Amino acid sequence: MRLHQCTYTEVGEYLKSSVGIIIPTGSTEQHSPMGVLGTDHFCAETIAWRVGELASAMVGPSLTVGVSEHHMAFPGSMTIRPSTYIALIRDLILSLVDHGFERFLVINGHGGNTASLNAAFSEVYGEVRRGGGANAPDVRCKTMKWFQNPPSEALSLELTGHPAGGHASAAEVSVAQFADPANIKKPTKMEPEFASDDHTFYNSADFRRRFADGRIESNPTGSTPEIGRQLVETAALFFAETYRDFLADS
Ligand SMILES: [Zn+2]
């Protein structure tokens with residue numbers, strides 16, 4: 001179930017049996033000369049939608065732009081400053097709290113969002129406590145990157161030879177290709193073949209100096225939609241279980 005494709009009556013019905021919702025978050029930022037700018041949100045939403053099917057869960061609207069300051073030296077990258085992102089996430093979650101949602105699982109495609117997501121959760125807890133006092137709802141928020149789980153890591157190593165978490169990894173580019181054929185770009189010869197795994201960088205100009213074609217710890221040239229399909233299924237099974245446990249944990 002996708003919230004934006006439900007009527008308000010359907011959401012009301014859903015809330016009679018569940019207080020859980022999944023929210024996909026990503027970014028609009030360069031992903032090497034071969035990966036589309038929307039790679040992270042295509043990954044997060046494709047997996048979130050599949051989890052929604054497997055776990056009969058509501059999936060909220062995708063947040064397609066994130067905190068990507070360090071990618072701003074590449075054309076097309078967009079960023080939201082952390083303070084804005086924190087406020088945005090807080091307001092979106094509180095809107096849903098108003099209607100009775102209490103469990104928020106954010107499936108995230110972009111590591112740059114993590115600190116702000118956790119800060120937003122803290123703001124949500126504070127607002128709910130101050131607003132509700134002793135009767136405050138038991139709101140709980142959790143975020144996980146789609147690729148940071150043992151089955152996805154293992155499958156990425158098996159199918160691509162590399163970790164899923166590199167920037168413009170074959171894993172994430174494959175998932176984006178599976179999500180939409182329009183995301184399939186001609187493979188480009190990468191130099192060096194496998195980008196450095198040194199994640200050290202500071203501002204956006206420094207990032208581009210260190211990672212000239214935008215990659216970190218990756219080579220997306222072997223990406224295929226079939227690899228993406230398998231990664232989506234594996235991650236979705238993991239997150240369906242995680243979501244059920246999250247709802248059951250009292
Ligand atoms: Zn990415």
Over the range 103-133, the set of residues of a type in the set (S, T, N, Q) and within 30 Å of ALA171 (Cβ to Cβ) is ASN108, ASN113, THR114, SER116, ASN118
Would the range 189-205 turn up any residue that is surrounded by 18 or more Cβ atoms within 10 Å (Cβ to Cβ), in a loop (DSSP other than H, G, I, E, B) and touching a helix residue (DSSP H, G or I) at 6+ places or on another chain (Cβ under 8 Å)?
-> yes
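Tell me, which residue of the range 133-155 that is crowded, with 24+ Cβ neighbours inside 10 Å and within 13 Å of the ligand (Cβ to nearest atom) is farthest from PHE246 (Cα to Cα)?
Residues of the range 133-155 that are crowded, with 24+ Cβ neighbours inside 10 Å, as a first pass: 146-147, 152.
Restricting the remaining residues to those that are within 13 Å of the ligand (Cβ to nearest atom) gives 146-147.
Values: TRP146: 16, PHE147: 18 Å.
Here the answer is PHE147.
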Name the pairs whose Cβ atoms lie under 7 Å apart, with the first residue in the range 162-173 and touching a residue at least 60 places away in the same chain (Cβ under 8 Å), the second near the ligand (Cβ under 8 Å from one of its atoms) and among the polar types (S, T, N, Q), and 6 or more positions between them or separate chains?
-> GLU172/THR39; VAL173/THR39
Given (1) over 15 Å from the mean Cα position of the chain (by Cα); (2) in a loop (DSSP other than H, G, I, E, B); (3) away from the ligand (no atom under 15 Å from the Cβ), where does HIS4 come up short, assuming only one miss?
-> (2)
Kindly list, by first and then second residue, each pair from a residue in the range 212-233 that is crowded, with 22+ Cβ neighbours inside 10 Å to a residue that is of a type in the set (Lys, Arg), limited to pairs with Cβ atoms under 7 Å and residues at least 6 apart or on different chains.
-> VAL232/ARG50
Conditions: (1) in contact (Cβ under 8 Å) with a residue 40 or more places away in the chain; (2) within 16 Å of the ligand (Cβ to nearest atom); (3) not hydroxyl-bearing (Ser, Thr, Tyr). LEU92 meets all but one. Number of the miss?
-> (2)
Inside the range 128-168, can you point out the residues that are in a strand (DSSP E or B) and closer than 25 Å to PHE201 by Cβ?
-> THR143, MET144, LYS145, HIS167
Would you check if there is a residue in the range 67-75 being modelled with pLDDT of 95 or more, of a type in the set (Phe, Trp, Tyr), more than 20 Å from PHE246 (Cβ to Cβ) and in a loop (DSSP other than H, G, I, E, B)?
-> yes
Per the filter on the range 9-61, residues over 19 Å from GLY76 (Cβ atoms) and within 11 Å of the ligand (Cβ to nearest atom) are none
Just one of (1) closer than 23 Å to HIS70 by Cα; (2) basic (Lys, Arg); (3) surrounded by 13 or more Cβ atoms within 10 Å (Cβ to Cβ) trips up LYS185, so point out which.
-> (1)
Being within 20 Å of the chain's Cα centre (by Cα), within 13 Å of the ligand (Cβ to nearest atom), part of a helix (DSSP H, G or I) and within 21 Å of GLY26 (Cα to Cα) narrows it down to one of ALA119, ALA171, so name that one.
-> ALA171
Residue check: is VAL36 hydrophobic (A, V, I, L, M, F, W, C) and either modelled with pLDDT under 95 or within 25 Å of ARG140 (Cβ to Cβ) (or both)?
-> no
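The values are calculated or read from the model by the stated rules, or taken from the named source; none is laboratory data. On a predicted model such as this, the values are computed, not experimentally measured, just so you know. Using ideal geometry, Cβ is built from the backbone for each residue, glycine included, and neighbour counts are taken over all protein chains shown.
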